[in-house]
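Since every read-out is calculated from the coordinates, none of them should be taken as a lab result. What you are looking at is a predicted structure, and each value in this text was computed from that prediction instead of being measured. As a convention, Cβ positions derive from the backbone with ideal geometry for all residues, glycine included, and neighbour counts pool all protein chains shown.
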Amino acid sequence: MDSKKIIEKLGGTAKTAVLCNVTQGAVCQWIHAGIPDARLMFLRLARPDVFVTRKRRRPDPPP
């Protein structure tokens, strides 16, 4: 998942900034440069719901 999608799922730049205790400008930079590893680890712990990936169900084999 790219940085922009993660930030959108977190509620946008303003809410992400509050969650990470950084400026909104810093979060805007993450959209282009990527979320720093330490922040990404924090976000995975703070909001695991954002990072849940749904497994695709494989079709049943034909009889």
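Here are a few candidate values for Rg/Rh (Cα atoms, Kirkwood Rh): [x] 1.19; [y] 0.91; [z] 1.56. Which one was actually calculated from the structure I just gave you?
Correct label, based on the coordinates given: [x].
Using each residue's phi in segment 10-20, evaluate 6.51 cos²θ - 1.76 cosθ + 1.60 at θ = phi - 60° and report the 3J(HN,Hα) Karplus result to the nearest Hz, with x for Gly and Pro.
So the J values, rounded to whole Hz, are 7, x, x, 5, 5, 5, 5, 4, 5, 4, 8.
Residue-wise, which Karplus ³J(HN,Hα) couplings in Hz belong to segment 25-33, taking 6.51 cos²θ - 1.76 cosθ + 1.60, θ = phi - 60°, and x for glycine or proline?
x, 5, 5, 4, 5, 5, 4, 8, 8
Charges at C-beta only: +1 for Lys and Arg, -1 for Asp and Glu. How large is the resulting dipole of the chain about its Cα centre, in Debye rounded to 20?
Working: 12 positive and 5 negative charges, 58 e Å.
Its charge dipole is roughly 280 debye.
Which residues' amide hydrogens lie under 5 Å from the amide hydrogen of Gly11, considering only partners 5 or more residues apart or on another chain, with H built in the peptide plane?
none
As I understand it, the dipole of the chain uses +1 on the Cβ of Lys and Arg and -1 on the Cβ of Asp and Glu, about the Cα centre. Which of Val27, Thr16, Thr53 lies farthest toward its positive end?
Positive-most Cα among the choices belongs to Thr53.
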